[in-house]
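**Q** Quick one: structure below, then a few questions.
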Amino acid sequence: QKEVEQNSGPLSVPEGAIASLNCTYSDQGSQSFFWYRQYSGKSPELIMFIYSNGDKEDGRFTAQLNKASQYVSLLIRDSQPSDSATYLCAAMGSSNTGKLIFGQGTTLQVKP
Amino acid sequence: DGGITQSPKYLFRKEGQNVTLSCEQNLNHDAMYWYRQDPGQGLRLIYYSQIVNDFQKGDIAEGYSVSREKKESFPLTVTSAQKNPTAFYLCASRPPGLAGEQYFGPGTRLTVT
């Protein structure tokens, strides 16, 4: 069974700090990786995707991918209380179906 | 305004009744997906369709059915055979391209009693 694993948290950080969210995946053939933010009672919203080893930055967000370690992370700089949400990691496999495998999500709490 | 719409937002049904959830998109995306989310859980794939008139079972298709007669529409029917239908149902679509990102509709929260 292909899996994506996340620590469910909650991860608590003070306002202004860097939040680091981590994800591991089991399918070595996975090609692309996605981070979604989900506020309570709402649908997931795409934050970033990454498919090359290394870092990808977008504003306060940085996604990091290490295919050798099968590890994906999301860094949120200058965390704000509005960043408090559940963050879902997803991986797209090697088939051409576009199917995503989701982790269970990590709950982030940013305390003022 | 381009986007994905799902209706209704909340749906209540009695056990034993079939119910159909609507998903419409005007993004001109070929691929569409249905997921189910239970409290504290990630998303699990029910059905997906990569093109009109074709669809495939996902990981938890039992008790569900779909159709894809139009590019814009991908309705999901939750049948009475689904043992635990109460959940948050999410529809998504995917633009063409290698990245494979999916965009979600607002979801339908189904409660069966």
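The values are calculated or read from the model by the stated rules, or taken from the named source; none is laboratory data. Note that the coordinates shown come from a computational prediction; the quantities given were computed from them, not determined experimentally. All Cβ positions, glycine included, derive from the backbone under ideal geometry; neighbour counts span all protein chains shown.
**Q** Hey, can you tell me all the residues within segment B:41-57 that are under 23 Å from A:Arg37 (Cβ atoms) and within 11 Å of chain A (Cβ to nearest Cβ)?
**A** B:Gln41, B:Gly42, B:Leu43, B:Arg44, B:Leu45, B:Tyr48
**Q** Go through segment B:50-86 and report how many residues are among the β-branched types (Val, Ile, Thr) and in contact (Cβ under 8 Å) with a residue 60 or more places away in the chain.
**A** 2
**Q** Name the pairs: first residue in segment A:38-61 and on the phi > 0 side of the Ramachandran plot, second residue surrounded by 15 or more Cβ atoms within 10 Å (Cβ to Cβ), Cβ to Cβ under 7 Å, at least 6 apart or on different chains?
**A** Final answer for the pair search is A:Gly54/A:Leu65.
**Q** So, one more: Are any residues in segment A:46-61 within 7 Å of another protein chain (Cβ to nearest Cβ), closer than 29 Å to B:Ala87 by Cβ and in contact with a Ser or Thr (Cβ under 9 Å, 6 or more places away or on another chain), and if so, which ones?
**A** A:Phe49 - this is the single residue of segment A:46-61 that is within 7 Å of another protein chain (Cβ to nearest Cβ), closer than 29 Å to B:Ala87 by Cβ and in contact with a Ser or Thr (Cβ under 9 Å, 6 or more places away or on another chain).
**Q** Being farther than 20 Å from A:Leu11 by Cβ and not polar (S, T, N, Q) is the filter here, so list the residues in segment A:66-76 that pass it.
**A** A:Lys67, A:Ala68, listed by residue number.
**Q** Test A:Ser8 against the criterion of being of a type in the set (S, T, N, Q) and assigned to a loop (DSSP other than H, G, I, E, B), and give yes or no.
**A** So A:Ser8 passes the test.
**Q** Select from segment B:25-49 the residues that are assigned to a loop (DSSP other than H, G, I, E, B) and touching a residue at least 60 places away in the same chain (Cβ under 8 Å) and write down the one among them that is nearest to A:Lys42 (Cα to Cα).
**A** B:Leu27
**Q** I want to confirm something. Restricting to segment A:19-36 and keeping residues that are surrounded by fewer than 21 Cβ atoms within 10 Å (Cβ to Cβ) and closer than 13 Å to A:Leu74 by Cα, which single residue is farthest from the other protein chains (Cβ to nearest Cβ)?
**A** Among residues in segment A:19-36 that are surrounded by fewer than 21 Cβ atoms within 10 Å (Cβ to Cβ) and closer than 13 Å to A:Leu74 by Cα, the one farthest from the other protein chains (Cβ to nearest Cβ) is A:Ser20.
**Q** Out of all the residues in segment A:81-99, which are within 8 Å of chain B (Cβ to nearest Cβ) and more than 18 Å from A:Gln64 (Cα to Cα)?
**A** Once the filter is applied, which keeps residues that are within 8 Å of chain B (Cβ to nearest Cβ) and more than 18 Å from A:Gln64 (Cα to Cα), segment A:81-99 yields A:Thr97, A:Gly98, A:Lys99.
**Q** Among the residues of segment A:38-45, are any away from every other protein chain (no Cβ under 14 Å) and not charged (D, E, K, R)?
**A** No, segment A:38-45 has no match at all.
**Q** B:Arg13 - would you say it is among the basic types (Lys, Arg) and either loosely packed, with under 15 Cβ neighbours inside 10 Å or at pLDDT 95 or above (or both)?
**A** No, not satisfied.
**Q** Let me ask another. Somewhere in segment A:10-18, is a residue crowded, with 19+ Cβ neighbours inside 10 Å and within 12 Å of chain B (Cβ to nearest Cβ)?
**A** Checking segment A:10-18: not a single residue is crowded, with 19+ Cβ neighbours inside 10 Å and within 12 Å of chain B (Cβ to nearest Cβ).
**Q** Another question, then. Which members of segment B:59-80 meet the condition of being at pLDDT 95 or above and within 11 Å of chain A (Cβ to nearest Cβ)?
**A** None; the set is empty.
**Q** What do you reckon, is B:Tyr48 aromatic (Phe, Trp, Tyr) and surrounded by 12 or more Cβ atoms within 10 Å (Cβ to Cβ)?
**A** yes
**Q** Additional query: Do we have any residue at all in segment B:25-32 that's more than 19 Å from B:Glu62 (Cα to Cα), of a type in the set (D, E, K, R) and exposed (fewer than 13 other Cβ atoms within 10 Å of the Cβ)?
**A** no
**Q** Is there a residue in segment A:98-112 that is at pLDDT below 95, over 12 Å from the mean Cα position of the chain (by Cα), small (Gly, Ala, Ser) and more than 26 Å from B:Gly107 (Cα to Cα)?
**A** no
**Q** Could you say which residue among B:Val66, B:Val19 is aliphatic (A, V, I, L, M), buried (at least 18 other Cβ atoms within 10 Å of the Cβ) and either farther than 24 Å from A:Gly93 by Cα or touching a helix residue (DSSP H, G or I) at 6+ places or on another chain (Cβ under 8 Å) (or both)?
**A** So the residue among B:Val66, B:Val19 that is aliphatic (A, V, I, L, M), buried (at least 18 other Cβ atoms within 10 Å of the Cβ) and either farther than 24 Å from A:Gly93 by Cα or touching a helix residue (DSSP H, G or I) at 6+ places or on another chain (Cβ under 8 Å) (or both) is B:Val19.
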